[in-house]
Each structure stands twice: as C-alpha cells, then as structure tokens.
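> Dumping the structure here so I can ask a few things about it.
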Amino acid sequence: MSASAIAAGVRNGDFSAVEVARGALERVEALNPALNAFIDVFREEAIARASEIDRARASGERLGPLAGVPVALKDNMCLSWGRTTCGSRMLARYRSPYTLTAGQRLIDAGAVVIGKANMDEFAMGSSGETSFFGATRNPHDHARVPGGSSSGSAAAVASGMVPVALGSDTGGSIRQPAGLCGIVGLKPTYGRVSRYGLVAYASSLDQIGPLGRTVEDCALVLEAIAGVDPNDGTTADMPGPALAGALDEPVEGPVIGVPRQAHDSHNHPGVVSALGGAIDAFVKMGARIVEVDLAHVAHGIAAYYLVASAEASSNLARFDGVRYGHRAALGPGEGLLDLYCRSRSEGFGPEVQRRIMLGTYALSSGYYDAYYNTALRVRRLIRRDYDAAFAPDEGTGAPACDAILMPSSPNPAFRLGEKSSDPLAMYLEDVYTVTVNLAGLPAITLPGTPTVVDGVALPLGVQLIGRAFDEARLLRLARMLEGAG
Ligand code: GLN
C-alpha cells in the first residue's frame, strides 16, 4: 500500500497502526536476510509508537498526514535511540544523543520508524557495496547492486518492506538507487530540508529527501520534512511547498529541456530507450521538447569528486579515536599520533580512506588552486548552464524550460563486484546526478521503461530537474509523466 493509503486507512479506522507496523516488520523479517537492506530493526519501539497512534485516534485526537506509515531512515541519520553507524566500523557502536530534524518531523507527522537502512560507508559509493555491514542486494535481481549510497532505503521501498524511506543525496545517492530499483526518489533544493542530525559527508552538497513508490508519497514526505530550522543555518526561510494537494494539476504546455549531453554514446541501449520513452510521453501530453546545452557537465564528475572529497576530508577529521567512534588499542610506547592513525586506519574502509586522502591532497597548499579552486570555478559554470536553460533566451528565441529531462544513470544495475576494483568506473555511474548537487537544484527520478538483461527485467530511472525551490512544479510534471507510464 502507498503511504497516503495507509495514513488514510489509519485515520478512518479501517485498520490500526499496530497492524500496519506488524505487517511491515513481518515483511522485513522475511526479506531482509536476502536483501540486507536494514542494519537495525526497531521491533519494540515501532510497535510501541504505533500503539500510541492508535491510542491517540481512540481518544479523538487529530492524526498527522503520515499517521501509522512505516518508514526506514538511512543510517547516517541520528536518532536518540538505537545506533547511528553510517555503514562504518568507525561508528558501529555510536549512539546519538538526539534525533535529526527531518526524522523528528516525520515522527511528528505520525510516521513509525521501522529501522535504519544500510548504506555505502559514510554515503560514499554508487552501489551499496562499501558498507561495513555487507552489501545490499537489488530486489529485482539478487546478484546485482541496488545502487547507492542509499542502498538500503531503495531496496526496502522497492521490495515493499516500507512504503517510503529517507535517503541523503550528495551526488545522486537518492536518485541513482531509486532508478536502479524502479522507484521514485526526490532530491530537494539545497536548503529545503534541514541537515541537522545528518552525519555530514560534503556539507555544501548534502540534502535529505524521500524515496517512495509514487510521486504522491514523495510529495507527502517532503511536505512533512521541509522548512526552515534554526539548527541548520543553510535552510531557507520560505513558505513550505504545498505539494500533495496540488499534484494533479497538470502544467499547461510544459517546456521540457533535453540536454545534448544526455545522448551520450556510452549510455546503455536500455537507457537510450527509457529516455526516448519519457520524451515521447511528454510529447503526447502536449509538451514542447527543446534541446539545451549543458556544456560544462562534461567536467561534472571531476569537479564533484574534488569538492565532495575536499569537504569529506574536513568533515571526517572529527573521527579521531578520542571523543567517539572506533578507538584502536595501543601497544606499549605508542602515543597520540599512533592513536589517530591506527583508529582511522582501522575504523574507515578503503573507499573512505581514498576520499580523505584525495580531499586532503586537493586542499593542500600548492595544489589548492590547481584542484579545489578550479573545481569551484567549474561548479559556478555548471550552475550558469542550468540557469540559462531555465531562462528564456532572447537571442535564439528559445523558451525557458519548466524542467530538464535526463537519465538518472548511464547503466542499469550492475553485478555485485563488477566495478569494485575500478573506482573511476564506479564514479562514472554518477555522471547524470552530480551536477544537480553542484548547482543545488531539486530533481526527481521516476521509473522509465525497464530493460531486459540476461532474461531479467531491470528497472531504469529517468530524471527531471527543476528550478531552485520550485519542487511544486517539478512534482506536478513528475506526476504527469508517472500517469502517462
Ligand atoms: N556516488 C557518489 C559518491 O560516492 C554520491 C554519493 C552520495 O550522493 N552520497 O560520492
């Protein structure tokens, strides 16, 4: 059932929140051993929370828009109960003293947290394989990856364990796994959702957002979690988007931009037809398709991996074996420097270490201008490309785009292990997602036409990118495309 149907049913008394929670927990128990989507499951807490909702209903209280809806949270989100591991040995026993703003808002809206979802270590990865707690598997083919880094959130939603989950997206970690698992994933505008209580990867890029099976469910969740937060100075003080209600108003004669760069010769043939299918669907709905030129996206991967690694090297410096996190046992005669080195070498996996070293190098004096500053300049040029696409061009007469349409990744789900020994091949899976984070824009991935590989139908995602803080229009366009498919 969808989140909206569950909430309506609980409010009407068609079924109880406890029944819903039990159903979700049973499904997790049945499917999780094969999928490894959850790091921790909160059985007692979930039932207790669901009983509170049922009691509130019985005493005539008004229930929230997500009453009784089971949700999963990616395990880089702090809760005041359970542990917050970030998929890392470093934080395998870490307990947060507080709950993240976005999670608290979900709980206040009536959601029931079922558990913490598996993820690539510290959200670094595109396959779900770098977790200290083992790889997550794709529900459509257990020999394949679900995508990452919100691997568990995507697999849990796609396999029907929960209707919606929260993920975080720094360079595609909501949209790419949503695409590979055949569900909907929304990265909000930078500043739309509070990052308070999200363990930072790259602070200028990170954003929390929903994964769900329908556009409506993602809108419902976004509505609940969005808005200014005094604990995150980057949140925008803007009226929250009224989304779910206005979703079914179609955008009249929309202009959809398709970047020339989206027709890359490296795209898998299935990706080519999924994109073509989405274009045809929009044409049938009366959209005008225009070609746009995002000339600098070619440098997106390079700029992103420099900016993200630089910020990560700084953010992850706090894990030093002293205050919290993994602490190495020292031998006789070993001192503070050994404690730092050994704790970090033991606590972080190879991909996280690679990012920290890459970022530290890019920020070091002598290389700062050549790498980090150059990446920031490319970042500004990428933002300018998007701004141009969203503005009418007086010179050529090209209209302003309502949204930009692209694949969410260049390939369907690959086999476990297929790209693990080739970091660059893994990074290239992010070619269609990272520039959106560099520009701070909202984007949503929807299921496109699946492709058959080795006799198995594998999902593929198509991505719509919108104007900053115009999630309302983006979601209406997404709803149109969903309805057409
Ligand atoms: N795959 C990208 C990375 O490894 C994006 C991850 C993310 O969005 N958290 O950095």
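Read-outs throughout are calculated quantities, based only on the coordinates presented, and are distinct from any laboratory measurement. None of these values were measured; they are calculated from a predicted model. Neighbour counts are summed over all protein chains in view; Cβ atoms, including those assigned to glycine, are modelled from backbone coordinates with ideal geometry.
> Compute the whole-percent fraction of alpha carbon pairs in region 270-329 spaced more than 16 Å apart.
Working: 1258 of 1770 pairs.
The calculated P(r) of region 270-329 puts 71 percent of pairs beyond 16 Å.
> Here's a follow-up. When the C-alpha atoms of region 40-182 are aligned to their principal axes, what extent does each axis show, in angstrom, from largest down?
48, 32, 25
> Put +1 on the Cβ of every Lys and Arg and -1 on every Asp and Glu Cβ in region 1-131; which of Ala56, Asn12, Leu25 then has its Cα farthest towards the positive end of the dipole?
Ala56
> Checking a compactness column here: for the chain, what do you get for Rg(Cα) / (2.2 N^0.38 Å), N being the number of residues?
Values: Rg = 21.6 Å, N = 485, 2.2 N^0.38 = 23.1 Å.
Relative to the 2.2 N^0.38 Å estimate, the chain comes out at 0.94.
> Also, I was wondering about something else. Starting from a Cα-only point model with no solvent, please compute log10 I(q)/I(0) by Debye for region 65-142 at q = 0.27 1/Å.
Here the Debye-derived log intensity ratios amount to -1.18.
> A further question follows. What is the diffusion coefficient of region 178-276 in µm²/s, taking the Kirkwood radius over Cα pairs and the Stokes-Einstein relation at 25 °C with a viscosity of 0.890 mPa s?
On the way: Rh = 16.0 Å.
D, rounded to a whole number, is 153 µm²/s.
> So, one more: Treat the count of other C-beta atoms within 10 Å as a stand-in for reagent exposure and order Phe42, Phe15 from fewest to most. Present the calculation step by step, with values, prior to reporting the outcome.
Values: Phe42 20, Phe15 15.
Ordered from fewest to most neighbouring Cβ atoms within 10 Å, Phe42, Phe15 come out as Phe15, Phe42.
> Report, largest value first, the span of the C-alpha coordinates of region 297-358 along each principal axis, in whole Å.
Over region 297-358, Cα extents along the principal axes are 52, 19, 15 Å.
> Another question, if that's okay. What is the set of long-range amide H partners of Ala403 at a cut-off below 5 Å, with H atoms built 1.01 Å from backbone N?
Result for Ala403 returns Val255, Gly257.
> Next question. Considering just Cα atoms, how many Å³ per residue does the convex hull of region 1-108 enclose? Before the final figure, lay out the partial values.
Values: hull volume 11.4 nm³, N = 108.
Here the figure is 105 Å³ per residue.
> Choose one of Gly321, Tyr386, Pro450: the residue whose Cα lies farthest towards the positive end of the charge dipole of region 319-475 (beta-carbon charges +1 Lys, Arg; -1 Asp, Glu; about the Cα centre).
Highest projection toward the positive end goes to Gly321.
> For the chain, what relative contact order do you get, as a whole percent, if you take Cα pairs closer than 8 Å and at least 6 residues apart? If you can, show how the numbers build up before the last one.
Values: 1173 pairs, mean separation 84.3, N = 485.
Result for the chain is 17 percent.
> Next question. Based on the Cα gyration tensor of region 240-397, what are the three equivalent ellipsoid semi-axes, each the root of five times an eigenvalue, rounded to whole Å and given largest first? Can you show the working numbers first?
Working: eigenvalues 419, 81, 52 Å².
After scaling each eigenvalue by five and taking roots: 46, 20, 16 Å.
> Take peptides 82-95, 401-414, 341-354, 362-375 and line them up by average Cβ neighbours within 10 Å, highest first, as a rough protection proxy. Could the numbers behind the result be given before it?
Working: 82-95: 21.5, 401-414: 25.2, 341-354: 17.9, 362-375: 14.4.
Packing proxy ranking, top to bottom: 401-414, 82-95, 341-354, 362-375.
> Shape call for region 353-456 from the C-alpha gyration tensor, a ≥ b ≥ c root eigenvalues: rounded (a/c under 1.5), prolate (a/b greater than b/c) or oblate? Don't skip to the answer; put the middle values down first.
Values: a/c = 3.24, a/b = 1.03, b/c = 3.15.
Oblate.
> Roughly what would the spin-label model give for Ala92 and Met1, points 7 Å off Cα along C-beta, in nm?
3.9
> Given the DSSP H assignment, sum -39500 (n - 2.57) over each helix run of at least 4 residues in the chain and divide by its residue total; what's the result at 222 nm in deg cm²/dmol, nearest 500?
Mean residue ellipticity at 222 nm (helix-derived): -11500 deg cm²/dmol.
> Whole number please: convex hull volume per residue of the Cα set in region 306-405, in Å³? It would help to have the intermediate numbers written out before the result.
Details: hull volume 14.3 nm³, N = 100.
Normalising the Cα hull of region 306-405 by residue number yields 143 Å³.
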